[in-house]
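Participant: Here it is, the structure, as structure tokens.
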């Protein structure tokens, strides 16, 4: 039996993002009330708020976890034009605080002149790196040269995207055949600019990021973007949340010569496109095996998409904002718990315009 849980998140304004840690036992929420809350899953399966603090002087758009190899570290970004890095410290100063945790701000990144709209840590194999994107159209990549000192971050790259940026996603592939790659989405409403998704790739020779591809068919504002986990594939899969849900395949084309120094050229294929939400789509999130995609939209529903062996994508379940299945899809909805997709909670909360102040959680 599939059961959804509801958490009284006690945020005083819209919840914009929910992020799970690597193990799915902790999550963070952020809100227009300028705060971030951290939740821990107890042995009883219930979620308990273990920390809540004011992080910024404006709406907090996104919150994200670093890999636990680097400790318990969060990053947040805000309308106040900054991003911040937070580290959890377990108190040992006196008996009262011993064993209790609190979060300390390690640094504030102040390079953006406008709202910082997304923040993501790079894949673990690249070291401790953090990427932000801003409404000013600039993607910034920072590195912590000493992982034991998170107050020191150096700005390594600035990528000018020419369009206001709304979301970013790292390609998680650790294959040596795939250089570091980042996808950037724009929510620019100007329809004369086609290609609202740009792919940038790191060039080892120039030590810079260069544009490798623009998805020209994406002409509507993009709200979220997510590379699928790459489990040994030669190609990349990218999900996009715009006025519908789209899944693209990026197939690297064989280079003419081995010493070609330009960015990889891709054959871009549309694997799937769904307008079932009949509204703006706000979040897309993959499960860890990249076999299931969850999306949330202004219709107040989470929709689950799965591919068969022929790579044909179909809807396998629909959940309302309160977690109840739609059209008797409860059997399919159980797939959520079966695949353990932490994105489910993110999906429901992610539709910021729905104005929920509770976090709806699916077991995962």
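Please treat every number below as a calculation from the coordinates, not as lab data. Note that this is a predicted model, so its numbers are computed, not measured. With ideal geometry, Cβ positions are generated from the backbone for all residues, glycine too; neighbour counts draw on all protein chains shown.
Participant: Rg over Rh of the range 127-194, using C-alpha atoms and the Kirkwood radius, what does it come to?
Facilitator: Radius of gyration over Kirkwood radius for the range 127-194 works out to 1.05.
Participant: If you take the alpha carbon radius of gyration of the range 271-318 and divide it by 2.2 N^0.38 Å, what ratio comes out, to two decimals?
Facilitator: In units of the globular-protein estimate, the range 271-318 measures up at 1.10.
Participant: Using the basic label-point model (7 angstrom from Cα toward the beta carbon), what is the residue 40 to residue 217 distance in nanometres?
Facilitator: 4.7 nm
Participant: Determine the gain in length on full extension of the stretch residue 279-residue 210; use 0.36 nm per residue of separation and subtract their C-alpha separation, reporting nm with one decimal.
Facilitator: 21.5 nm
Participant: Under the 0.36 nm per residue contour assumption, what length would be gained going from the current alpha-carbon distance of residue 143 and residue 311 to full extension?
Facilitator: 56.7 nm
Participant: So what does the Cα-only Debye profile of the range 66-210 read at q = 0.13, 0.15 Å⁻¹, as log10 I(q)/I(0), no solvent term?
Facilitator: Results for the range 66-210 at q = 0.13, 0.15 Å⁻¹ read -0.61, -0.78.
Participant: A further question follows. Arrange the peptides 236-244, 53-61, 148-156 so that the one whose residues have, on average, the most other Cβ atoms within 10 Å appears first.
Facilitator: Taking the mean over residues of other Cβ atoms within 10 Å, the ranking is 236-244, 53-61, 148-156.
Participant: Stokes-Einstein at 37 °C, 0.692 mPa s, Kirkwood radius from Cα pairs: D for the range 182-250 in µm² s⁻¹?
Facilitator: The diffusion coefficient I find is 256 µm²/s.
Participant: Counting pairs of Cα atoms in the range 47-90, how many percent are more than 11 Å apart?
Facilitator: Considering the range 47-90, 69 percent of its Cα-Cα pairs are separated by more than 11 Å.
Participant: Multiplying the sequence separation of residue 50 and residue 322 by 0.36 nm and subtracting their Cα-Cα distance, what value in nm do you get?
Facilitator: So the chain would gain 95.5 nm between residue 50 and residue 322.
Participant: Next question. Would you calculate the convex hull of the Cα atoms in the range 1-148 and tell me its volume per residue in Å³?
Facilitator: That works out to 142 Å³ per residue.
Participant: State the Cα centre-to-centre distance between the range 171-235 and the range 63-79 in whole Å.
Facilitator: Their Cα centres are 22 Å away from one another.
Participant: Listed highest first by mean packing, meaning other Cβ atoms within 10 Å per residue, what order do 299-306, 134-141, 246-253 come in?
Facilitator: Per-residue mean Cβ counts within 10 Å order the peptides as 299-306, 134-141, 246-253.
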